[in-house]
1. When we measure straight from the Cα of Lys90, which lysines land under 26 angstrom away, once same-chain ones fewer than 8 places off are left out?
2. Can you tell me the FRET efficiency between Ala121 and Thr188 if r is taken as the Cβ-Cβ distance and R0 is 35 Å, rounded to the nearest 0.05?
3. Between Leu73 and Ala295, what FRET efficiency comes out of the Förster formula 1/(1 + (r/R0)^6) with R0 = 30 Å and r the beta carbon distance, rounded to 0.05?
4. In which sequence would Tyr279, Tyr50 go, from the one with the fewest C-beta neighbours within 10 Å to the one with the most?
5. Exposure proxy check: Leu183, Leu61 ranked by fewest other beta carbons within 10 Å?
6. For the stretch 89-102, what does the Karplus curve 6.51 cos²θ - 1.76 cosθ + 1.60, with θ = phi - 60°, yield as ³J(HN,Hα) per residue in whole Hz, taken in order and with x for Gly and Pro?
7. Report the label-to-label distance for Lys175 and Tyr92 in nanometres (one decimal), using points 7 Å from each Cα along the Cα→Cβ vector.
8. Can you order the peptides 114-123, 212-221 by their average number of other Cβ atoms within 10 Å per residue, highest first?
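Coordinate-derived values only; no laboratory data. This is a predicted model, so every value here is computed, not measured. All Cβ positions, glycine included, derive from the backbone under ideal geometry; neighbour counts span all protein chains shown.
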Amino acid sequence: MRLQLRPWAAHWITAVLLCRAVAQYSSDQCSWRGSGLSHESHRRDVEQVYLRCSRGSLEWLYPTGAIIVNLRLNTEGSSGHMAGLHVCIKPYTYSKGSHVYLERSGDLRLLLAEKDQAQGAVHCFSLAEGALFVEAVPQTDISRRITAFQYELVPSQGPRAHMYPYLHPGLVTCKPCSDEEVLMAVCTSDFAGSGVFRGVASGTDDNSPVLVSLSRLFHQKGRVFSWGGARGKWSGRVNVPSQCAVHPGGDEYLFTGSLHFGEAWLGCAPRYKDFLKVYVRAQKAGTNPCQIDAA
């Protein structure tokens with residue numbers, strides 16, 4: 001859905017860009033938290049929000065008027081660095097009070113209506129398509145209304161970009177990683193360990209949560225895997241694209257992957273015995289990007 005920017009909204013944007021800087025309420029460049037009550041007396045103001053991280057969140061309490069959310073990476077050195085970069089946002093299920101648009105050159109395109117936010121579905125778009133224009137839905141009572149979502153900036157090209165689960169859900173491939181990709185994944189993934197598939201839980205058309213038990217945990221961000229105590233195992237669940245078959249029990253695998261919106265997604269996962277051959281060979285050649293206790 002595409003529509004021309006409303007005259008009053010265009011006035012908002014022009015006024016903000018040329019005349020006034022609006023106060024920010026966040027203390028870092030990754031997340032923002034603000035309140036519409038701060039400009040209740042001048043509802044026609046538009047606040048400019050600047051976020052400069054690869055992931056973060058936004059929380060707008062008692063939304064009134066509108067905000068423009070400008071997303072960029074803090075490491076950008078040129079406009080070319082931003083080419084191919086996409087943004088994915090996931091509203092919290094309690095989010096309400098606003099519509100979310102993409103704004104570019106005065107045009108608004110509806111990205112997420114207020115009524116759809118309770119589903120908590122992920123929506124992605126190219127950064128070249130514009131900034132987020134979050135417009136409050138006029139209400140006589142703005143109490144108990146909070147617009148809130150998480151965001152991630154992701155490249156659509158480059159190593160392992162095809163594994164990002166939300167850009168092209170139906171086109172995610174399950175091809176094996178190259179030796180170089182596996183070695184790099186062990187070092188740079190959000191989690192890495194070795195173990196077995198225990199079973200598959202009910203999921204969606206796009207992915208299946210898989211129960212995993214680890215005998216080794218090299219590293220992890222967050223709490224993907226928890227210690228089993230007397231069993232001496234780490235256990236957890238990871239999401240696997242539905243078109244990628246898994247085989248519970250049997251062979252031990254190397255598990256690597258990434259966290260997206262608080263959920264773990266499987267990346268490179270060769271059989272562990274095959275990984276060991278690759279690792280030992282690279283270790284002898286001195287080409288390992290990092291060292292782990294793989295024995």
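1. The qualifying lysines are Lys115, Lys221.
2. Values: r = 28 Å, r/R0 = 0.81.
After rounding, the FRET efficiency stands at 0.80.
3. Working: r = 38 Å, r/R0 = 1.27.
The computed FRET efficiency comes out at 0.20.
4. On the way: Tyr279 20, Tyr50 14.
In order of increasing Cβ crowding within 10 Å: Tyr50, Tyr279.
5. Details: Leu183 22, Leu61 19.
Placing the least packed residue first, the sequence is Leu61, Leu183.
6. Each residue's phi maps through the Karplus curve to give 10, 10, x, 5, 5, 8, 5, 7, x, 8, 9, 10, 10, 9 Hz.
7. In this crude spin-label approximation the distance works out to 4.0 nm.
8. Details: 114-123: 15.5, 212-221: 18.2.
Ranked from most to least packed, the peptides come out as 212-221, 114-123.
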